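Novice: Dumping the structure here so I can ask a few things about it.
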Amino acid sequence: MPTTDFSVIGGGIVGLATAWKLQQRYSDARVCVLESESRVGTHQTGHNSGVLHSGIYYQPGSVKARTCRTGKRQMESFCEEHAIAWERCGKVVVATSQSELAALDDIAQRAVQNGVQFERIDSDRLRELEPSVAGVAALHVPETGIVNYRSVAEKLSQLIRDAGGEVHTQFSVEQIQIGQHDVKLTSRSGDTLECDQIVNCAGLYSDRICQLSGTVPSVRIVPFRGEYYDLIPERRSLCRNLIYPVPDPSFPFLGVHFTRMIDGCVECGPNAVLALSRGGYGWSKINLRDLGETVFWIGFRRLAARHWRAGLGEMHRSISKAAFVRALQRLIPTLKSEDLVKGRAGVRAQAISSDGKLVDEFLIQSADRATHVLNAPSPGATASLAIADTIVDRVASPPPLPKNEST
């Protein structure tokens, strides 16, 4: 007989939210979370920018747009209920030249269709909100917020335990055997656990967990490192809240920006460079298996052929502080190199299809006794509670054959 009903692999915010929602849906279910690190929320959850995204950028009608809007409301309510510090501080999306106005208007149109509160403002109003910013126009999005997602993860972990669930740290899943009546999981240290179903929320390793379970993942995870600089304390007044550029529509990331964190610090970044390891928080962190699986895979080679110029620019900004500063000066011209000190870095899991396209939508793949979350990029943290609802629905009513269906 299985020792637990649901085993959630991955103790990031999506995995923890899923375990908590499973407990709410099935009050008598035995639920456990398996986290490979010594604490929950160690990787993507603990290294993101802490923004409560409004949903302004996403394709109207898409799962990502709907889930972001629903998830943001849920996250705000969760933080209020559990006394987690958060703030609805607002942000500006800034067009720094006339050539960006059409793209700014496209974002505004998406905001209207997604139900996001915003105001299109001129340069005078922009200077009132962010005196240091130079721009010809902007969108002011007052409902964007900030929060520490690691605090959310730790609260979810506590709630899971309080409800009778288990959270096992330092349990790195190395083997998965799916049988007719149960699933057997074996850790790197040889510990075993039997369950009725697994939910794979392993983030950077989600495709490998999928493979271990005997299912061919529909995508490959490629790690991208995002690096930050911090404004020195005496120059934090350069940024009042959140300052974003108009993103390049041909590139999936939002560009370097300024983020006031919930603790008052101001982070500048991130860029987006290929990480040489799935846990590669710096250039010196190299894992030959990870690197080989990426660079020799046809999907990545097709991606690189399409975006090599942008990739070289991101690498240049990673290696050269001067280049990074120049990118930031497009938003705040008075910024100087000495205003910045090296900050932290994060590694984001980006799903890529075999044709070399970056998967933009959230992606869940179902199989026998297993549900695999293969893509939960930004706004994954904002939307985590709503993503968890979708996962629980899939667990309760899995799609019909063929088994490797993805949505």
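The values are calculated or read from the model by the stated rules, or taken from the named source; none is laboratory data. Every value quoted in this text rests on a predicted model; they were computed, and no experiment measured them. Heads up, the Cβs are rebuilt from the backbone with ideal geometry, glycines too, and the neighbour counts pull from every protein chain shown.
Novice: Which is in contact with a Ser or Thr (Cβ under 6 Å, 6 or more places away or on another chain) and β-branched (Val, Ile, Thr), of Thr96, Thr169?
Specialist: Working: Thr96 fails: in contact with a Ser or Thr (Cβ under 6 Å, 6 or more places away or on another chain).
Thr169 is the lone residue from the list that is in contact with a Ser or Thr (Cβ under 6 Å, 6 or more places away or on another chain) and β-branched (Val, Ile, Thr).
Novice: How many of the residues making up segment 147-173 are closer than 17 Å to Leu385 by Cβ and either in a loop (DSSP other than H, G, I, E, B) or not acidic (Asp, Glu) (or both)?
Specialist: Summing the residues that are closer than 17 Å to Leu385 by Cβ and either in a loop (DSSP other than H, G, I, E, B) or not acidic (Asp, Glu) (or both) in segment 147-173 gives 15.
Every residue, every condition in (1) under 20 Å from Val167 (Cα atoms); (2) touching a residue at least 12 places away in the same chain (Cβ under 8 Å); (3) among the polar types (S, T, N, Q); (4) touching a Phe, Trp or Tyr at 6+ places or on another chain (Cβ under 9 Å), yes or no:
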| site | (1), (2), (3), (4) |
| --- | --- |
| Val51 | no, yes, no, no |
| Pro60 | no, yes, no, no |
| Thr67 | no, yes, yes, yes |
| His82 | yes, yes, no, no |
| Val92 | no, yes, no, yes |
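Novice: Here's another thing I want to ask about it. Wholly within segment 54-138, which helices (runs of 4 or more DSSP H) include no fewer than the required count, namely at least 2 residues that are over 30 Å from Gln329 (Cβ atoms) and of a type outside the set (D, E, K, R)? Show your work before the answer.
Specialist: Values: elements: 63-81, 101-114, 123-129.
Correct list: 63-81, 101-114.
Novice: For Arg369, only one of the following conditions fails: (1) over 28 Å from Cys68 (Cα atoms); (2) surrounded by 16 or more Cβ atoms within 10 Å (Cβ to Cβ). What is its number?
Specialist: Going through the list (1) over 28 Å from Cys68 (Cα atoms); (2) surrounded by 16 or more Cβ atoms within 10 Å (Cβ to Cβ), Arg369 breaks only (1).
Novice: For segment 348-357, which positions are charged (D, E, K, R) and either over 20 Å from Val222 (Cβ atoms) or surrounded by 15 or more Cβ atoms within 10 Å (Cβ to Cβ) (or both)?
Specialist: Residues of segment 348-357 charged (D, E, K, R): 348, 355, 357.
Result: Arg348, Lys357.
Novice: For segment 75-100, name all the residues that are closer than 26 Å to Ile9 by Cβ, under 20 Å from the mean Cα position of the chain (by Cα) and surrounded by fewer than 19 Cβ atoms within 10 Å (Cβ to Cβ).
Specialist: Answer for segment 75-100, where residues must be closer than 26 Å to Ile9 by Cβ, under 20 Å from the mean Cα position of the chain (by Cα) and surrounded by fewer than 19 Cβ atoms within 10 Å (Cβ to Cβ): just Ile84.
Novice: For segment 159-204, which positions are within 30 Å of Phe224 (Cβ to Cβ) and of a type in the set (D, E, K, R)?
Specialist: Selection gives Glu174, Arg188.
Novice: Next up: For Ile352, only one of the following conditions fails: (1) out of contact with any Gly (no Cβ under 8 Å at 6 or more places or on another chain); (2) modelled with pLDDT of 95 or more. What is its number?
Specialist: (1)
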